[in-house]
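The values are calculated or read from the model by the stated rules, or taken from the named source; none is laboratory data. As the structure is a computational prediction, the values presented were derived from the model and not from experiment. When we count neighbours, we look across all protein chains shown, and the Cβ atoms used for this are built from the backbone with ideal geometry, even at glycine.
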Amino acid sequence: MASGSRKYATTRGLKGFSLFELLIVVVILGIAATMVGPAMSRIVRHQRVNRAAKIIVSDMQNAFAVAARQREPVRIQADAASRSYQFVDRKTGTVLRIRAFYGDTSEYRLSSLVFNPTTFDVFPNGISSSAVTIDLANGDYAKRITASTAGFVRLIP
């Protein structure tokens, strides 16, 4: 009977993982996280720029639609320093929409947003005062949006 109880004690002591086994698993997970981290960061930056670009394209198309719907010119004013732009009713000066892509509170966290020219008008007949180029970036990843004077907005890959 003593040998049976000894066998039970040995089997009971082998349940679970040793400290060495747990340490090996933690090291392997650490190495995997180190390898995946930079790639995930790059993917997140690309997704932020792509989402912001889609929103800007949509806003530019919307500006042409608003001008036609209201039968009044709409002015688009951009501010590169604050990485934002706004739609203004040209006649009354009323701000119709403000969109900002700056700071840690923004989900896009763009490092640059540059409109060229910084101010242009969209007329009710679907024509703008000038062709527009919009460059946006987050770190080393950038996109360009163009809008022709005829209202054709295009996202350049």
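Summary table
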item: Any hit, the stretch 102-119, residues being aliphatic (A, V, I, L, M), in a loop (DSSP other than H, G, I, E, B), in contact with a strand residue (DSSP E or B) (Cβ under 8 Å, 6 or more places away or on another chain) and under 17 Å from Asp59 (Cβ atoms); result: yes
item: Residue that is farthest from Ile43 (Cα to Cα) [pool: residues in the stretch 87-139 that are aromatic (Phe, Trp, Tyr) and either at pLDDT 90 or above or surrounded by 18 or more Cβ atoms within 10 Å (Cβ to Cβ) (or both)]; result: Phe123
item: Hey, Phe64 at pLDDT 90 or above, within 29 Å of Val122 (Cα to Cα) and not in a helix (DSSP H, G or I) or not; result: no
item: Residue match in the stretch 74-86 (condition: part of a loop (DSSP other than H, G, I, E, B), buried (at least 17 other Cβ atoms within 10 Å of the Cβ), without any contact (Cβ under 8 Å) to a residue 60 or more places away in the chain and out of contact with any Ser or Thr (no Cβ under 6 Å at 6 or more places or on another chain)); result: yes
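Quick grid of which residues meet (1) under 15 Å from the mean Cα position of the chain (by Cα); (2) at pLDDT 90 or above; (3) surrounded by 10 or more Cβ atoms within 10 Å (Cβ to Cβ):
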| residue | (1), (2), (3) |
| --- | --- |
| Lys15 | no, no, no |
| Val25 | no, yes, yes |
| Ala33 | no, no, yes |
| Arg42 | yes, no, yes |
| Asn50 | yes, yes, yes |
| Ile56 | yes, yes, yes |
